[in-house]
Each structure stands twice: as C-alpha cells, then as structure tokens.
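The values are calculated or read from the model by the stated rules, or taken from the named source; none is laboratory data. Computed from a prediction, not measured in an experiment: that's the story for all the values here. Quick reminder, even Gly has a Cβ in these numbers, built from the backbone with ideal geometry, and neighbours come from all protein chains shown. These area figures cover heavy atoms from the full protein model, side chains too; ligands, DNA and RNA do not enter into them. Shrake-Rupley method; radii C 1.70, N 1.55, O 1.52, S 1.80 Å.
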Amino acid sequence: MRSRFPLRRKILLGIVVALLALVAWLHYTGSAATHGITTQDMDWNGDGTVTQGEIAQAVFTVVVEQTQEGNRQCNAFAWRNGSGTIRMDCKTVFQPDAE
C-alpha cells in the first residue's frame, strides 16, 4: 500500500510552509514590501528608476511604520538596522459621513 504523502509531497509541503512563515515574519517585522507599497515607490536612492536591488531592499532591509492622526495617514520608511529614515509619505483620507 502506498503512503498518502510520499516524500516528494512532504518536501513540497515543507517548502510552502517555510515560505508562508517567512512572509508572515516579514509582515510582522514591518517589511515595506508586505505593507502595500507599489513597485514605483521603491526608489530608495531617488534616481528615478527602480532596480531589482531596490525591490530586494523593500523586502529585506526597508521597514515601514504606519501612523494615523485623524484624517492624516503617514508611512515612514527607514532602514531595518536603524541608521535613519529614508522618507515619509503622508496623505489625507476623508471618511464618509456616518448616517
């Protein structure tokens, strides 16, 4: 009788679980890539082009702190090692009136 989960499926399941755990950890620690930032906004050095290196930085080395004060929502982007803020993006969001 064959096993329901052969070795190949167990390995694949282990890889999928490990990747999901990595994404959950990145989101928990504030990774910019898991907090809704678009690729066009990942220009960390401000030269006007987004490279693959800057996309990788958004995943592993750039964190975002999201704050809200009234209608104002701000995202502060900083290096994970604490060496300084890269930039801060703020916008005003109007909520519909409650009836």
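Overview of results
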item	result
Rough spin-label spacing in nm, given labels placed 7 Å along Cα→Cβ, for THR51 and THR39	1.7
Helix axis angle, 7-28 relative to the chain longest principal axis, alpha carbon, degrees	20
Packing-based order for 81-89, 41-49, 28-36, using average beta carbon neighbours within 10 Å, highest first	28-36, 41-49, 81-89
Förster radius 22 Å - calculated FRET efficiency between TRP79 and HIS27 (Cβ-Cβ, nearest 0.05)	0.75
Cα-centre dipole for the chain with unit charges at Cβ (Lys and Arg positive, Asp and Glu negative), debye to 20	1080
Solvent exposure ordering (accessible area, 1.4 Å, most first) of ILE15, ILE37	ILE15, ILE37
Label of the coordinate-derived value, percent of Cα pairs over 19 Å apart, listed as [x] 57; [y] 63; [z] 53	[x]
Extension reserve of the ARG87-PHE60 stretch, reckoned as 0.36 nm per residue once the Cα distance is removed	8.0 nm
Apportionment of accessible area to carbon and sulfur, the range 13-99, percent (1.4 Å)	57
